[in-house]
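The values are calculated or read from the model by the stated rules, or taken from the named source; none is laboratory data. This structure is a prediction, so every number in the text was calculated from the model and none was measured. Note that we place each Cβ from the backbone using ideal geometry, even for glycine, and neighbour counts take in every protein chain shown. Accessible surface is based on the protein model in full, side chains and every heavy atom, while ligands, DNA and RNA are left aside. Shrake-Rupley method; radii C 1.70, N 1.55, O 1.52, S 1.80 Å.
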Amino acid sequence: MTLPRSILITAFLLFAVIGATKTNESRSALAESDDAAMGKNHALIIGIGDYKHWPKLVSPPKDASEIARVLSSKFNFNKSNITLLTDTTGEKPTLVNILNALDGISSKLTESDNLFVFFSGHSSEDDEGQTYWIPLDGKKTAKMTWLSHADINEEYFSSQDFKAKNLCIVTDSLFSSKLVRQKSISLTPFDLRYPEKIRERAMRKSREVIAFGDQHWPGSKETDGLGLFA
């Protein structure tokens, strides 16, 4: 595995989008009225390792499960609003199940709600430069079984019917740079007004992506078997 060609970063942390803060002290300093304005946090978390037609991966299912656990235990995500699709869940991360999950979540979102999407698994790019996530049942020789970034962007994320106030996509696989505007921000946890600035950003509507410009980054001993983002 070589280093990724580029990393698309439009937010320092995904929690800058959803307005979560890392400590009870920070949360207690913020007005309860702001919490109501934040709406509900929803998540679609996908981790695929047991591919049938692509090389198997080790870390994605563990990555996805760990991220779901952290969101529900440490941040403002109700378990009922987290959709987890991995090799070991009842609903597997097939193409149909992923699209059904997007349909179900999108129908629940209001203009005050926030959506976090995480994908860990294989991705691919065709000769025309279109990029795809590979579902569990994706076949190497059939692009119709892949999840097109352009299609899900048009059908969901940039659709007029998509009501989420904030959308954050995090993926340790390729995601089309044609669908996002690359941007960096200077916000860090060492900023004296970090919690307030996080909240201020979250009050504004946003569509943000944190993604590798390369293929899946596997776990290692240094990351306790987790992928880099997890």
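Given Ile67, Ile46, which one is part of a strand (DSSP E or B) and not charged (D, E, K, R)?
Going through Ile67, Ile46 in turn, just one is part of a strand (DSSP E or B) and not charged (D, E, K, R): Ile46.
If Ile98 passes every condition in (1) open to solvent by 30 Å² or more (accessible area, probe 1.4 Å); (2) in contact with a Pro (Cβ under 7 Å, 6 or more places away or on another chain) but one, which one does it miss?
All conditions are met except number (1).
Have a look at Leu44, Leu84 and point out the one that is open to solvent by 30 Å² or more (accessible area, probe 1.4 Å), in contact with a strand residue (DSSP E or B) (Cβ under 7 Å, 6 or more places away or on another chain), closer than 29 Å to Gln160 by Cα and at pLDDT 95 or above.
Leu84
Which ones in the range 127-162 are touching a His at 6+ places or on another chain (Cβ under 6 Å) and among the aliphatic types (A, V, I, L, M)?
Passing the criteria: only Ile134.
If I ask for residues that are within 17 Å of Cys168 (Cα to Cα) and open to solvent by 60 Å² or more (accessible area, probe 1.4 Å), which ones from the range 62-77 would you list?
Asn76 - this is the single residue of the range 62-77 that is within 17 Å of Cys168 (Cα to Cα) and open to solvent by 60 Å² or more (accessible area, probe 1.4 Å).
Can Val170 be described as modelled with pLDDT under 90 and aliphatic (A, V, I, L, M)?
no
Report yes if some residue within the range 161-181 is in contact with a helix residue (DSSP H, G or I) (Cβ under 7 Å, 6 or more places away or on another chain), more than 29 Å from Arg199 (Cβ to Cβ) and either open to solvent by 30 Å² or more (accessible area, probe 1.4 Å) or not hydrophobic (A, V, I, L, M, F, W, C) (or both); otherwise report no.
There is at least one residue in the range 161-181 that is in contact with a helix residue (DSSP H, G or I) (Cβ under 7 Å, 6 or more places away or on another chain), more than 29 Å from Arg199 (Cβ to Cβ) and either open to solvent by 30 Å² or more (accessible area, probe 1.4 Å) or not hydrophobic (A, V, I, L, M, F, W, C) (or both).
Is it the case that Ser65 is without any contact (Cβ under 8 Å) to a residue 24 or more places away in the chain and not basic (Lys, Arg)?
Working: without any contact (Cβ under 8 Å) to a residue 24 or more places away in the chain: yes; not basic (Lys, Arg): yes.
So Ser65 passes the test.
State yes or no: is Phe119 under 18 Å from the mean Cα position of the chain (by Cα), assigned to a strand (DSSP E or B) and in contact (Cβ under 8 Å) with a residue 12 or more places away in the chain?
yes
Within the range 124-139, is even one residue open to solvent by 10 Å² or more (accessible area, probe 1.4 Å), assigned to a strand (DSSP E or B) and closer than 15 Å to Asn41 by Cβ?
Scanning the range 124-139 turns up no residue that is open to solvent by 10 Å² or more (accessible area, probe 1.4 Å), assigned to a strand (DSSP E or B) and closer than 15 Å to Asn41 by Cβ.
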